[in-house]
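Each remark here refers to the structure printed beneath this line.
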Amino acid sequence: MVGKMYFKSSLLISLVLFLSAGDLHAKRKRKTVGDVLKKIESIKVKKKKNLLPDSKKYLKTKTRVNLRSVKPPSSNRFYYDEGTSEQELEKITDEQIKHLYGMTQKFKKSSRRGELWVRLAELYVDKAKLIELRLQTDYDNALAAHQSGKRKRRPRLNLKPAEQYNKKSIQLYEWFIRDFPKDPKIDQALFFLGYNYFEIGKVEKGRAKYTQLTKRFPKSPYVDESNFALGEYYFEREKWKPAKKHYDKIARNRRSRLYSFALYKGAWCKYKTGKTKSALKDLERVILEGRKAKSGDRGNKKVSRIRLASEAVKDIVVFYPEVYKVQQARGYLNRVVGSKSAPKLIEKLAYYYVDRGDKFSAKYLFKELIQESPFSTRAYEYQHQIVKMYSAAGNQKVFRKELFTWIDNYGPGSVWRRENKKNKELMASSDKLIESTLRNYILQLHQTAQNSRAKYTQNLTKDGYEMYFSSIKKSEHLDQMNFFYGELLFDMKDYVGAAKNYNKVVARGNKAGKYYEQSILNSVLASEKKIPTASEVKTLVADNKEPVEFTSNLKIFEKAAIKYVKEYPKGENVSAIKYRLGSLYYYFNQYNKALPVLTNIVENHPKEKDAEYSANLILDIYNKKKDFEGLEKVADKLLAIPGLKGSNMAAKIADVKQKSSFKRAEKAAASGGNPLKAALSYVSFIKSNPKSDLLNVSRFNAALNYEKAGETSEALKYYRQVLVAKSSGSKDAELKKKSRRFLAFLYQKTGQYAKAAAAFEAYSKKYPKDKESLNYNYNAAVIYDGLNFYTSSVRNYEKYRKGSKKADRNEVYFTIAKMWDRRKKYPSKAIFFYNKYLNSGSANKQKTMEATYRIAKLHDSLNRKTLSKTWYNKVIARQRKLGVGVSFAAEAKFKLVERDDFKKFRSVRIPASQARMAGAVQKKLGLLDRLKEKLKQVVAYNDAYQIVAALTLQGESLLHMSNAIYGAPVPKTLKGEQLVQYKKGIDNLAGPFKKQAIESLKAAINKAYELQAYDDSVKKAASLLDKVEGNTLTGDLQVMQSFWLSKAGL
Amino acid sequence: MRKLVLTLVFILSVSHPLLAKSVDKSLYKGLSKALATKVEANVVGAASKILSVDEDDLKALNALAIFYYESGKHGLAKIILDRAIKAHPEFTDLKNNLALVYFASGDKKLGLLTLKDAAGDSSLSEAALNLSSIYVEHRDYQKALGPLSKSFSKVKGSLKSKSKPAIALTNNYGVALFGAEKIKESLEVFTYAHEAGVKDSTLLYNYAMLLTHKGKNKEDAYKVINRLKFLTDDQKMLRKVELLEKTLDNKK
């Protein structure tokens, strides 16, 4: 009973911890925290996806510019000399207007008023132009301020102040034409009317005035101006053909002031209409005119033409690519603009090709320029332009080639760099540009790699990073690059390489930097990837109970983790890393290292899930060490952490503590050395955890251990407590069942048989289907029988008999019969059950004999002569048949002889009548002989008691015979000698019987003493002998029957 | 009892205390006091305290058995004695008690066999003494004399304390001596008892008979007869005494 402990545990909070209820008794399915957590979890920190920084815009390929939308500069730019002060001019104009206005008022009725009007109208036009210029300038400035964010509202261009003057001018010119229709200045008036109408938006009126002018005054100097104005009108509206028509009219006249203008604008109209080659020719003419003007006299016309030529030179860059191949560019430009200016233009053309997206042509020209002067400061920029062109579009191989060429030729260690080393500013900027270009290229490539996850791209990116670090030794961006290289390698699963790069960031120690903390963390995460897997840990640690040294990779991780925790004790991921480290210490049995780390987690991050895991591991460490006292102490410490109060974890820890306490008790019990200590541990647990769900298990185990320790009364107490406790499940029910059973045996063991019987019966009643229940009914029946509780005994015997399927189940009939037999008051019941027993077909021969014999005896006692005779005969017959029960058969035989033969013999009286006397004696002698023969049969059974009984009965019979003869009435007729003779004859007849009687009685006594068959027969023999021999004194002495009980020293 | 025995075997085999504990003597005193009360609850309570410590405790089991024997609950007495004998097979006195249980249950044959087994070769034990009583009762005086003689020499000192067993033993010893025709020794035993102040009417009657029939001094017989007449109220005994007195009167 003892020896099997109930419960199983394992600390696990459910965790774990540790204890999970298991099978009843000692078959423990231990499951520790370690078992539960026996998978090596990776750090729960999810490695952040770090966005690559935006790469610089200049690395983007320029969007193709629709160069056909390009227009030449406004023609106004060519009207005014550079450096003119508009403000001064406007002031003078105002004064002139004031003066002339006064004149017009003064001479408003004069015939010369027309001239004053025209002059004032001209001034109004000038004034309007100046105002417009001012307003336009203000507007442009305001727009720039708006676009730069300095001004909130977008400006609006309001030219009304200028238009007021245009309108005044129109009024004056209209008056002039009305009043002086034949004045020679009518053409001028028409021109300015056209002009002013255009200015105020009355385009049709304006166009009509110009048309009127060109038709009425074809030779007027204002015709070219009108045509130019009309050309400009259409040009502005992108009506290239009508515009060209008006420009062409002017271009026919080489002497026209507007000749170069008209050519230039006409060239643009041709360009716009696809006649590029012709347009280019016109530009060449404009350039030629410019050259001529440059070498000629000074004047406004000359200046305008030179400026116009320089614009045309610029525009050649635009027109050229449409007409000629890049390879012809140098020759063409040398011819058109001269060898001195050509290189600059070639550079512009190269850039123009860049803008056009013509990488080949641009590269061709840049390469040409580089070849021309490989160590020039510009050469590095030209190669940069090539790199830029291919940076994000185009052939990536070409790009990388050009990029690397750029870095090789202009980067650190290059010849170019040596040649230009004195230009420190250039060196610095070139280093910066190379670094930024290379960096941005790599980061862009990395971005692509991140998006595509393509191995190829990853490898390209990796090459890029390698290039970067081999070229760039000093940069403020090294941290960034090492960090992202680490990220790339991490993605490529090169965790060692990744960790190295993260560690470089960390080693630079720029703690305020953007990448420092993340690098420390990622270094941890990368190094964590190389630590052993769960199965490897299993292999490494195996069944080792001692601390196992970390592998080299684990040491790297350990170092990184410690660094992170130290640097960022309040970092977002610190608890996860601590937990990882702590758990690894745990798995490698490095408990002394594990405990402070895990405890730190619980103390500082009580709300984290890791704290719960840590608490589990802490508790399990103690559990593994089987230091349950320590476990309970640490559980108390954990529970004292303020942040844990009221939490689920606290509840779990409390539960583990409780189970530990139980486990401690269990451990004490398992040691087997001191069951009392184990029992006391359970009792302590019971007292400390009055609401524990392990309470009943503890009570049960306390009871078991008390029992084992010999403290049976305490065992009984706790078994009883188990019984009365509220049931809470199947295990409880099982405990109760066992307790009930054990209680019964303990009651029996402690001599409390009445309680034992009651407990056995109660168990059977409670668990009728239990395989032991019937046996317990039997036990109860036996004890009740012993206590003379017959009804209870019979009830339990019957239950046993009815329930049992064993062959011997009917043996209880015999037992019940014996019970009734012993009680003596119920012989019929005894007979009934003996009969039932005999009819049950029992194979027990001895009991069969005894039952048969007892039935005979009981009938006999009830004076049922026939029945008793029948049953005595059955006894004899069955003995003969079964071969057992000699004593019963012998006694049965004797009883029959005594009852029938002896009685019959005694009943024969010897009459006084002499005639019948002889006959009677003869009959009696015959019966005596027969009796003796029967007694011989009794003796033949060789049963000591019945031998004595038979000899005694024989002696008694002989004595009776002797006495009967002696006691026979003496015939009254006999007297004297006859009487003497008679008496002598009687003596002769009776004497031998007496003698034989004495011999028989003595034989009976001797046989009894010899065989130690002490019963009433021997007493009877002695008594008869006393009478025969006249020795009454001995018989009269009274023997005191007193048995001595052994008190065993009590 | 088979089932019970089987189960007991199981219990004993697995739950025997690993650490034997000695029973505090006070518990035995408690048991003695409880036995004196003849109240079952007291006796069982006291015995269970001892058996809680040592389930095989001889004294407790035996006391419990004797209590049930004397209470007429022979079946339980037998169960307990069987248990005790199993635990202490060397202690033959338990068999003596078991034999008495058999006798009390009416099974004289088994009782006698058990008693003989208990007595063994010993002539100085309760079993030998009880066997002697049976011998005397059945007039097998020769067998009875040895044990009775040895026992008498041990108990005669306690006759003055009116110990009933000692008186019975003395009486039976006297009877056995007489039956074995050792008249003088028989008279000496009865005289010793008489002089020790034994007031048992049976013993005194036997003594009176011997003095009457075999004594040399009638006065001695009268003294005993008179004392007997004084001591007993039993009418049957008084009639027998009167007859004896007449016999004495008629004796020359």
(message) Residue under question is A:ASN166, and the condition is that it be free of Cβ contacts under 8 Å to residues at least 60 places away in the same chain and part of a loop (DSSP other than H, G, I, E, B); does it hold?
(response) no
(request) At least 3 residues that are touching a Ser or Thr at 6+ places or on another chain (Cβ under 7 Å) and more than 30 Å from A:ARG291 (Cα to Cα) in each: list the helices (runs of 4 or more DSSP H) lying fully within the stretch A:324-418 that qualify. (result) A:377-391, A:396-410
(message) Given the criteria surrounded by fewer than 16 Cβ atoms within 10 Å (Cβ to Cβ) and within 13 Å of another protein chain (Cβ to nearest Cβ), does A:LYS865 qualify?
(response) no
(message) I need the helices (runs of 4 or more DSSP H) fully contained in the stretch A:855-958, keeping only those with at least 3 residues that are under 23 Å from A:LEU838 (Cβ atoms).
(response) A:865-882, A:886-896
(message) Take the residues in the stretch A:696-720 that are away from chain B (no Cβ under 13 Å) and charged (D, E, K, R); name whichever of them is surrounded by the most Cβ atoms within 10 Å (Cβ to Cβ).
(response) A:ARG699
(request) Hey, could you check the stretch B:126-141 for residues that are of a type in the set (S, T, N, Q) and at the interface with another protein chain (Cβ under 8 Å from one of its Cβ atoms) and say which is farthest from B:ASP200 (Cα to Cα)? (result) B:ASN130
(message) Checking A:LEU723 against (1) part of a helix (DSSP H, G or I); (2) within 14 Å of chain B (Cβ to nearest Cβ): exactly one of these is not met. Which one?
(response) (2)
(request) Please enumerate the residues belonging to the stretch A:748-799 that are within 12 Å of another protein chain (Cβ to nearest Cβ) and of a type in the set (Lys, Arg). (result) A:LYS749, A:LYS755
(message) I want to confirm something. Restricting to the stretch B:105-125 and keeping residues that are touching a helix residue (DSSP H, G or I) at 6+ places or on another chain (Cβ under 7 Å), more than 9 Å from every other protein chain (Cβ to nearest Cβ) and farther than 17 Å from B:ILE85 by Cα, which single residue is surrounded by the most Cβ atoms within 10 Å (Cβ to Cβ)?
(response) B:SER123
(request) For A:GLN188, indicate whether it is of a type outside the set (Ser, Thr, Tyr) and closer than 24 Å to A:LYS109 by Cα. (result) yes
(message) Quick test for you: out of A:ILE386, A:ILE370, pick the one residue that is buried (at least 19 other Cβ atoms within 10 Å of the Cβ) and under 24 Å from A:VAL337 (Cα atoms).
(response) A:ILE370
(request) Check B:LYS156, B:LYS246 and return the single one that is surrounded by fewer than 22 Cβ atoms within 10 Å (Cβ to Cβ) and either within 13 Å of another protein chain (Cβ to nearest Cβ) or without any contact (Cβ under 8 Å) to a residue 40 or more places away in the chain (or both). (result) B:LYS246
(request) Would you mind finding the one in A:TYR837, A:TYR826 that is among the hydroxyl-bearing types (Ser, Thr, Tyr) and in contact (Cβ under 8 Å) with a residue 12 or more places away in the chain? (result) A:TYR837
(request) Give, as residue ranges, the helices (runs of 4 or more DSSP H) completely inside the stretch B:142-252 that count at least 2 residues that are hydroxyl-bearing (Ser, Thr, Tyr). (result) B:164-179, B:183-195, B:201-214
(request) From (1) buried (at least 23 other Cβ atoms within 10 Å of the Cβ); (2) at pLDDT 80 or above, pick out the condition that doesn't hold for A:ALA654. (result) (1)
(message) As an exercise: evaluate A:ARG916 against (1) in contact (Cβ under 8 Å) with a residue 40 or more places away in the chain; (2) surrounded by fewer than 16 Cβ atoms within 10 Å (Cβ to Cβ); (3) farther than 17 Å from A:ALA990 by Cβ and give the number of the one condition it does not meet.
(response) (1)
(request) Quick one: count up the residues across the stretch A:226-262 that are surrounded by fewer than 19 Cβ atoms within 10 Å (Cβ to Cβ) and in contact (Cβ under 8 Å) with a residue 24 or more places away in the chain. (result) 4
(request) Return the total of residues in the stretch B:160-181 being surrounded by 22 or more Cβ atoms within 10 Å (Cβ to Cβ), more than 14 Å from B:LYS214 (Cβ to Cβ) and more than 10 Å from chain A (Cβ to nearest Cβ). (result) 1
(message) Can you go through A:ASP636, A:ASP693 and tell me which one is away from every other protein chain (no Cβ under 14 Å), surrounded by fewer than 16 Cβ atoms within 10 Å (Cβ to Cβ), of a type in the set (D, E, K, R) and under 17 Å from A:PRO606 (Cβ atoms)?
(response) A:ASP636
(request) Specify the residue that is farthest from the chain's Cα centre (by Cα); the eligible residues are those in the stretch B:144-153 that are within 11 Å of chain A (Cβ to nearest Cβ) and at pLDDT below 90. (result) B:PRO147
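The values are calculated or read from the model by the stated rules, or taken from the named source; none is laboratory data. Since this is a predicted model, take the numbers as computed values, not measurements. Cβ: placed from backbone, ideal geometry, glycine included. Neighbour counts: every protein chain shown.
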